[in-house]
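K.L.:
Before anything else, here's the structure in question.
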Amino acid sequence: MVKLAVDTLIQAPRTFDLFQGPVPPAKTLYLELYPPLPVADGTPVWGFGIIGCAKLLGIDALNCQSVQGTSAELLEIAILLENRTGKFSIAEKVAIAKCIKNLDIKDENNLLSRQITGGTGFFQQIQHYFDLPPWLQAMVIDKRLDVKSAKKIMDLPREVCESAAAYGGFSFSQLRLFLAYVREAGTRDRLDKHRLVERVNELLDEDSPMIEARKWRYPLLSQLELEFADIRRQYLGDSGVNLMAPENFEGDKYSVVFSFHSRGELHRKIGSLQKLEQAGDELEKLL
């Protein structure tokens, strides 16, 4: 083990600077309670986060260990020391994949794939990312979409996806669902690019874009839900009796749930159910 100057390490090639994981607390660097950084012919193999922190803390030198090996073996060392199998971000996976390509590494026994993901499908999975257009790749890296969802909406105009992503009211899952609604409804209605962009902007101007997008995607179901809500409001109100329809009204039975704590309250609940009986024909038509 040798000590190498931090300035020397910072100026060295960053071929294996691939990770964004946590770095040790400052105290562990001062006390030298960190693993020696592997260095191959002057190139750090792992520990770039430690090197950067050491520079900020004014530490002059770090403990290093000289290592030798093929490019594949050095990358394996880096991944093993990172010790986050199955937990690498998509940005890290992309960086690893580019490193593998640049160094012409062959993962003949799926060893690297297993160390990265815990399985054997790393290269197939990451290829889906590289198949995306650059603007969708950027949305994936920014954690606005996952690769699987991005691949499903590749045929949407860029303006549609970026406008939806810029809307501040969507969570990760809501953005994915909103774009799915838009794609499916736009395809069904055969909207051209110009009209689809206009329609999405109209939706985003609504008070509840997600609700309006769902209504557009499922107009019949949305109408059934409105009629059902009206029946519940008209016949049950705030009675405490909860009438539930089968999912998407695809079934032949409704359910009723209520609770009571006295004979009088039970009598009132039964009275509400008797009132609901008047809506029997209307409810049956919804199924």
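The values are calculated or read from the model by the stated rules, or taken from the named source; none is laboratory data. Being a predicted model, the structure only gives us computed values, none of them experimental. FYI the Cβ positions are ideal-geometry reconstructions off the backbone, even for glycines, and counts take in every protein chain you see.
K.L.:
Can you tell me which of 251, 169, 186, 237 is surrounded by fewer than 13 Cβ atoms within 10 Å (Cβ to Cβ), of a type in the set (Gly, Ala, Ser) and under 28 Å from residue 137 (Cα atoms)? Break it down stepwise before answering.
P.N.:
Numbers: 251 fails: under 28 Å from residue 137 (Cα atoms); 186 fails: surrounded by fewer than 13 Cβ atoms within 10 Å (Cβ to Cβ); 237 fails: under 28 Å from residue 137 (Cα atoms).
After ruling out the rest, the residue left standing is 169.
K.L.:
Among the listed residues 191, 196, 224, which satisfies the condition of being part of a helix (DSSP H, G or I), in the same structural domain as residue 173 (by TED's automatic domain parsing) and surrounded by 13 or more Cβ atoms within 10 Å (Cβ to Cβ)?
P.N.:
Result of the check over 191, 196, 224: 196.
K.L.:
Here are 111, 75, 103: which of them is within 23 Å of residue 41 (Cα to Cα) and not assigned by TED's automatic domain parsing to the domain that holds residue 44? Spell out the reasoning first.
P.N.:
Numbers: 111 fails: within 23 Å of residue 41 (Cα to Cα); 75 fails: not assigned by TED's automatic domain parsing to the domain that holds residue 44.
Being within 23 Å of residue 41 (Cα to Cα) and not assigned by TED's automatic domain parsing to the domain that holds residue 44 holds for just one of 111, 75, 103, which is 103.
K.L.:
Still on this structure: Looking at 280, 271, 240, which is the one that is assigned to a loop (DSSP other than H, G, I, E, B) and more than 26 Å from the chain's Cα centre (by Cα)?
P.N.:
So the residue among 280, 271, 240 that is assigned to a loop (DSSP other than H, G, I, E, B) and more than 26 Å from the chain's Cα centre (by Cα) is 240.
K.L.:
Those residues that are touching a helix residue (DSSP H, G or I) at 6+ places or on another chain (Cβ under 8 Å), over 20 Å from residue 152 (Cα atoms) and either small (Gly, Ala, Ser) or touching a residue at least 60 places away in the same chain (Cβ under 8 Å) (or both), I need them from the range 162-208; list them, please.
P.N.:
Correct list: 169 only.
K.L.:
Quickly run through the range 162-174 and pick out the residues that are under 12 Å from residue 200 (Cβ atoms) and either assigned to a helix (DSSP H, G or I) or outside the structural domain of residue 188 (by TED's automatic domain parsing) (or both).
P.N.:
Matches in the range 162-174: 162, 163, 164, 165, 166.
K.L.:
May I ask you to list the residues in the range 4-38 that are among the charged types (D, E, K, R) and touching a Pro at 6+ places or on another chain (Cβ under 9 Å)?
P.N.:
14, 17
K.L.:
Counting only residues that are closer than 27 Å to residue 98 by Cα, touching a strand residue (DSSP E or B) at 6+ places or on another chain (Cβ under 9 Å) and of a type in the set (Gly, Ala, Ser), which one in the range 3-41 is surrounded by the most Cβ atoms within 10 Å (Cβ to Cβ)?
P.N.:
40
K.L.:
What is the residue count in the range 108-148 for residues that are assigned to a loop (DSSP other than H, G, I, E, B), surrounded by 17 or more Cβ atoms within 10 Å (Cβ to Cβ) and in contact with a Ser or Thr (Cβ under 8 Å, 6 or more places away or on another chain)?
P.N.:
Residues flagged as assigned to a loop (DSSP other than H, G, I, E, B), surrounded by 17 or more Cβ atoms within 10 Å (Cβ to Cβ) and in contact with a Ser or Thr (Cβ under 8 Å, 6 or more places away or on another chain) within the range 108-148 amount to 0.
K.L.:
Quick check, is residue 205 of a type outside the set (Ser, Thr, Tyr), exposed (fewer than 11 other Cβ atoms within 10 Å of the Cβ) and assigned by TED's automatic domain parsing to the domain that holds residue 170?
P.N.:
On the way: of a type outside the set (Ser, Thr, Tyr): yes; exposed (fewer than 11 other Cβ atoms within 10 Å of the Cβ): yes; assigned by TED's automatic domain parsing to the domain that holds residue 170: yes.
Yes; evaluated as a whole, the condition is true for this residue.
K.L.:
Six or more apart or on different chains, Cβ atoms under 7 Å: show the pairs whose first residue is in the range 253-265 and free of Cβ contacts under 8 Å to residues at least 60 places away in the same chain and whose second is in a helix (DSSP H, G or I).
P.N.:
Pairs found: 254/283; 256/273; 258/269; 260/266; 260/269.
K.L.:
May I ask you to list pairs of residues, at least six apart or on different chains, whose Cβ atoms are under 8 Å apart, with the first in the range 5-18 being on the phi < 0 side of the Ramachandran plot and the second being among the aliphatic types (A, V, I, L, M) and part of a loop (DSSP other than H, G, I, E, B)?
P.N.:
6/59; 15/103; 16/45
K.L.:
On to the next question. Check 77, 105, 90 and return the single one that is touching a Ser or Thr at 6+ places or on another chain (Cβ under 6 Å) and either modelled with pLDDT of 95 or more or crowded, with 17+ Cβ neighbours inside 10 Å (or both).
P.N.:
Only one candidate passes the filter, namely 105.
K.L.:
For the range 154-161, does any single residue satisfy the condition of being in a loop (DSSP other than H, G, I, E, B) and under 30 Å from residue 285 (Cβ atoms)?
P.N.:
No; the residues of the range 154-161 include none that is in a loop (DSSP other than H, G, I, E, B) and under 30 Å from residue 285 (Cβ atoms).
K.L.:
List, please: which pairs have Cβ atoms under 6 Å, are six or more places apart or on different chains, and start with a residue in the range 271-287 that is small (Gly, Ala, Ser) and end with one that is surrounded by 12 or more Cβ atoms within 10 Å (Cβ to Cβ)?
P.N.:
272/236; 272/239; 272/241; 279/231; 279/235
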